[in-house]
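The values are calculated or read from the model by the stated rules, or taken from the named source; none is laboratory data. What you see is a predicted model; the values in this text were computed from it and never measured. Here the Cβ positions follow ideal geometry from the backbone for every residue, glycine too, while neighbour counts run over all protein chains shown. Remember, those area values only see protein heavy atoms, side chains included, never the ligands or the DNA or RNA. Shrake-Rupley method; radii C 1.70, N 1.55, O 1.52, S 1.80 Å.
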Amino acid sequence: MTTTTGTQQAGAASAALPSRALAGSGAAAIITDAPEPHPTLVRTFAAMMAREGRVLRRNLIGTFTRAIMQPLLFVFVFTYVMPKIGGSGIFGAGAAAGGATFATILLPGLMASMLFMQGIMAVTFPLVMEFSWQRTIEDRALAPVPIRVLAIQKILAGAVQSFLGALIVIPIVLLVHAPGQSPHVNVTDWPLLAVILVTGSLLTASLGLLLGTLMDPRKMQMLFAAILLPATMLGCVYYPWSALHSIRWLQIAVLINPMVYMSEGLRAVLTPQTGHLALWAILLVLIGVTALVGYFGTKAFARRVLN
């Protein structure tokens with residue numbers, strides 16, 4: 001009985017060998033006959049952007065919460081709570097700049113603040129992790145594109161998040177305010193608004209690439225203390241630049257802050273009645289600094305990856 005069973009098993013095994021051989025040869029033929037991949041710069045770039053989009057969708061709740069909480073809290077406190085408790089006197093500087101409500105002053109400033117913070121955070125924090133403990137930057141560097149293209153892709157992905165973060169501010173400011181404190185918005189030039197938003201997004205994402213490449217991961221807390229907080233408080237977010245005329249030295253000193261030009265540029269096209277810097281100066285600084293920071297950021301990124 002045992003001999004018969006062993007013979008049957010041996011026969012079944014020998015009968016299975018040709019089928020396995022045929023399957024193996026079929027798989028080999030499929031691999032051999034498969035078309036040779038021809039990755040192009042456009043396809044590879046699109047694939048990397050698709051990966052960024054997939055990661056963003058996976059972290060959509062956290063990203064949306066981070067983007068909405070800061071403007072919502074600022075708008076709620078300054079345009080709803082303070083007027084309700086009789087604190088409108090603290091907005092005298094804003095009222096003096098054309099009799100506008102504080103929400104009118106705050107809208108372009110908060111949009112600039114979101115451009116700045118979202119652009120830097122969307123690029124700097126993931127980049128620091130990729131360069132340090134995760135080491136996933138090595139996988140990206142194997143893509144069939146130059147290293148600088150990878151840097152440009154990171155800038156573009158961060159700029160998209162920065163752009164969307166600025167747009168989120170608009171419905172918040174329009175909807176959350178006390179009676180009589182609604183913002184007075186008048187878009188004077190739609191193409192110019194698009195140019196300012198796009199250049200501001202690219203500028204902050206490029207700055208995020210530069211900081212993420214140069215910063216020590218152990219000193220990331222310095223990003224808030226030395227860069228984000230001073231840039232926001234002195235970036236003409238809560239007051240127009242013209243309101244600093246009584247503190248002349250400070251009015252001149254804040255001109256080194258790129259957020260000033262984003263805030264003033266958005267005021268020029270959204271709330272021109274509050275006063276703003278000259279448009280030629282705003283565009284010159286935004287475009288020039290974006291090109292300069294983008295160049296040094298991509299160069300530093302390529303050097304860091306290769307090292």
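Structural remarks
- In the stretch 94-112, residue modelled with the highest pLDDT [restricted to those that are over 19 Å from residue 178 (Cα atoms) and open to solvent by 10 Å² or more (accessible area, probe 1.4 Å)]: 98
- Taking first residues from the stretch 279-307 that are of a type in the set (Lys, Arg) and partners that are crowded, with 17+ Cβ neighbours inside 10 Å and modelled with pLDDT under 95, the Cβ contacts under 6 Å between residues at least 6 apart in sequence or on separate chains come to 304/213.
- Selection count where residues are of a type in the set (A, V, I, L, M), more than 12 Å from residue 259 (Cβ to Cβ) and under 11 Å from the mean Cα position of the chain (by Cα), scope the stretch 110-134: 3
- Looking only at the stretch 65-93, residues that are modelled with pLDDT of 80 or more and open to solvent by less than 10 Å² (accessible area, probe 1.4 Å) come to 3 in all.
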